[in-house]
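The values are calculated or read from the model by the stated rules, or taken from the named source; none is laboratory data. Worth saying up front: this structure is predicted, and the values here are computed from it rather than measured. Here the Cβ is made from the backbone with ideal geometry for all residues, glycine too, and neighbour counts use every protein chain on show.
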Amino acid sequence: MDYEAVIGLEVHVELKTKTKIFCPSTTEFGGAPNTHTCPVCLGLPGVLPVLNKKVLEYAIRAALALNCEIAEFSKFDRKNYYYPDMPKNYQISQYDLPLAKNGYLDIEVDGRTRRIGITRLHMEEDTGKLVHQGTITTTPYSLVDYNRAGVPLIEIVSEPDLRSPEEARIYMEKLRSIIQYTGVSDCKMEEGSLRCDANVSVRPKGSPEFGTKTEIKNMNSFKALQRALSYEVQRQIDVLEEGGRIIQETRTWDEGKGVTLPMRSKEEAHDYRYFPEPDLVPLVIDRRWVEEIRASLPELPDRRRQRYLEQFGLPAYDASVLTSTIELAEYFEACTAHYPDAKTVSNWIMGDLSRLLNVHNLEITQCRIRPEQLARMLRLIDQGTISGKIAKTVFEEMFATGSDPEKIVKEKGLVQITDEGAIAAIVEEVIANHPKVVEDYRAGKEKALGFLVGQVMKATRGKANPELVNRLFKARL
C-alpha cells in the first residue's frame, strides 16, 4: 500500500525580553543553575503574577508577521499537570481564547508554493530544565534548573498540512527566518530558544481520514527534525504493514542511535483540567495598538527576496540564501552600498565567506571582515592589483585577522605581476622546457594550454595576471 505522511508542528519560541513573562527575573541565557529566579517563577506560596507588556507586544508582532488574526479578547489559563520542572504543578498558558489564530506561511517545495496553515499562536511561560545524567530514557537521576522557568514563550501550532519530513524542515526554516526578521527572538536552537514538537501519522494515499498520531520531542536542529520524522514515518508504515496498530504516545528522538523511542502515553487536552487563570485579568486588545505594531514590522523575507530579484537582478537561489537571515541580508546590502556589482558580492558571500563561517562555526555577525573591506578587496581585483586567485589568499587572511586588504597585499608581497616583458620571459622559458605539451596544443589539445599557464602561475607564485599569460601563450603559439 502507498502511504503518505500527515505532519503538524508545535513550535515554541522564546521571546527575547529582558525579564520573564510574569516576574522581574532576568531571561539571560546561562548563569549558575537556579540563580535567575525569584519567588514568582519558583511558585512559592502567596505570590502573584503580573504580565510583562513587552511579551504581549512581541507576541502580536510575531502573529502579524505570520498573517494571523489578532483576538480582541483573550485570556490566560492554567494547564494542570505534575512534572518536576514545573514548580507550581501548573503552567500559565492559553487554551480556548488564544491571542491569535488562522494564520499561514508559504513554503516552496520542488519549485511550487504550498500554503501551510497556522491554527493558533498563544503565549505561555516556559518550564524549568531537567538535566539528565545520560539520555532521557536511561538516566538514573535528573537535576532541575529553574532559570528557564517563567521565560516568555509563544507557541505556534500548524495545521496538519505538511506531507513529508522535508516539507517540515523547510517550514521550520521559513518560520525561524520570519521570527528572526521581526526581532522578537534570536531563535537559537542550540540554546533552546526555538524548539519543536512534531505530531505525525501516516495514512493510505487518497484517504480522507487521519491515522493515529504520535508526538516526537527532543529535536534540537533542522537536521534532527527531518531525520526523526523520516524514521517515525517509516516505523509507522512498517507497523501497519505487519498488521499492527499505532499507539498514540509521546516519543523522544535519540540522535546517537537515529531512532525514536517511547516516553509515555499521550495525554489528551482535557487531562490538563484547563481553567481560567484567576490571578490575571483577561486581555482586551486595542485595535489601534495592533495597527501601530503592524506598521512597525520590517520588510519580511519574501518581500526582501522579491526586491533582490528586481533591484539587484540576482538569481532566485542567491536571493533565497541571502535573505534566509536578516543579518546575512543586511551584510549583503552593506557590501553592495560600497561595491554595486551585486552578483559578485553574492558569489563571495555565498562561496568563500559561507565556507569559512561553517568551518569555524561562526555566525555572520561574528565575521571580522567588514562590508567596506570586502568591497575594497573586490576593487583591488578590478584594478588588476591582485588576481582572483590571490584574492582568495587575501580573503582568508582578512577573515582570520580583520586586517585591511591593502595592508595584507603589501605586507605579503601579493601584488599581481602585470609587466608584459617579465611575464613574456617566463612564457618563453616554459615553452622551451615543455616541447611535448607545446606540440599537443598545436595539435588541437586545448587542455595543454591550461598546463602551460599553470607553470607560469607556479613560477610567479600565482602573481602573474592570468589573462595576460593566456594572451601571450596564444600569440606565441
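One table, with the values for the structure above:
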item: Pick from segment 228-268, criterion among the charged types (D, E, K, R), within 26 Å of GLU173 (Cβ to Cβ) and out of contact with any strand residue (DSSP E or B) (no Cβ under 8 Å at 6 or more places or on another chain), ranking: modelled with the highest pLDDT; result: LYS257
item: Strands (runs of 3 or more DSSP E) within segment 79-150 that include 2 or more residues acidic (Asp, Glu) and either within 29 Å of PRO45 (Cβ to Cβ) or touching a residue at least 12 places away in the same chain (Cβ under 8 Å) (or both); result: 100-109, 112-125
item: Lone qualifier among CYS23, CYS38, CYS68 - being under 24 Å from the mean Cα position of the chain (by Cα) and not basic (Lys, Arg); result: CYS68
item: THR138 surrounded by fewer than 18 Cβ atoms within 10 Å (Cβ to Cβ) and β-branched (Val, Ile, Thr); result: yes
item: Subset of segment 327-355 [buried (at least 19 other Cβ atoms within 10 Å of the Cβ) and aliphatic (A, V, I, L, M)]; result: LEU328, ALA329, ALA342, VAL345, ILE349, LEU353
item: Segment 214-234, residues that are surrounded by fewer than 17 Cβ atoms within 10 Å (Cβ to Cβ) and of a type in the set (Lys, Arg); result: LYS223
item: Residues within segment 153-193 that are of a type in the set (Lys, Arg) and surrounded by fewer than 18 Cβ atoms within 10 Å (Cβ to Cβ), tallied; result: 2
item: Yes/no for LEU378 being part of a helix (DSSP H, G or I) and aliphatic (A, V, I, L, M); result: yes
item: Residue match in segment 53-66 (condition: farther than 22 Å from MET172 by Cα, in a loop (DSSP other than H, G, I, E, B) and of a type in the set (A, V, I, L, M)); result: no
item: Among the residues listed as VAL409, VAL430, the single one being farther than 25 Å from SER354 by Cα, touching a helix residue (DSSP H, G or I) at 6+ places or on another chain (Cβ under 7 Å) and free of Cβ contacts under 8 Å to residues at least 40 places away in the same chain; result: VAL430
item: Qualifying residues in segment 363-372 (those that are surrounded by fewer than 19 Cβ atoms within 10 Å (Cβ to Cβ) and closer than 18 Å to SER403 by Cα) - the one farthest from the chain's Cα centre (by Cα); result: GLU372
item: Counted residues, segment 354-375 - those being assigned to a helix (DSSP H, G or I) and not hydrophobic (A, V, I, L, M, F, W, C); result: 8
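Let's see how each residue does on (1) assigned to a helix (DSSP H, G or I); (2) in the same structural domain as GLY111 (by TED's automatic domain parsing); (3) more than 22 Å from GLU396 (Cα to Cα):
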residue: GLN311; (1), (2), (3): yes, no, yes
residue: LEU314; (1), (2), (3): no, no, yes
residue: VAL321; (1), (2), (3): yes, no, no
residue: LEU328; (1), (2), (3): yes, no, no
residue: GLU333; (1), (2), (3): yes, no, no
residue: THR336; (1), (2), (3): yes, no, no
residue: VAL345; (1), (2), (3): yes, no, no
residue: ASP352; (1), (2), (3): yes, no, no
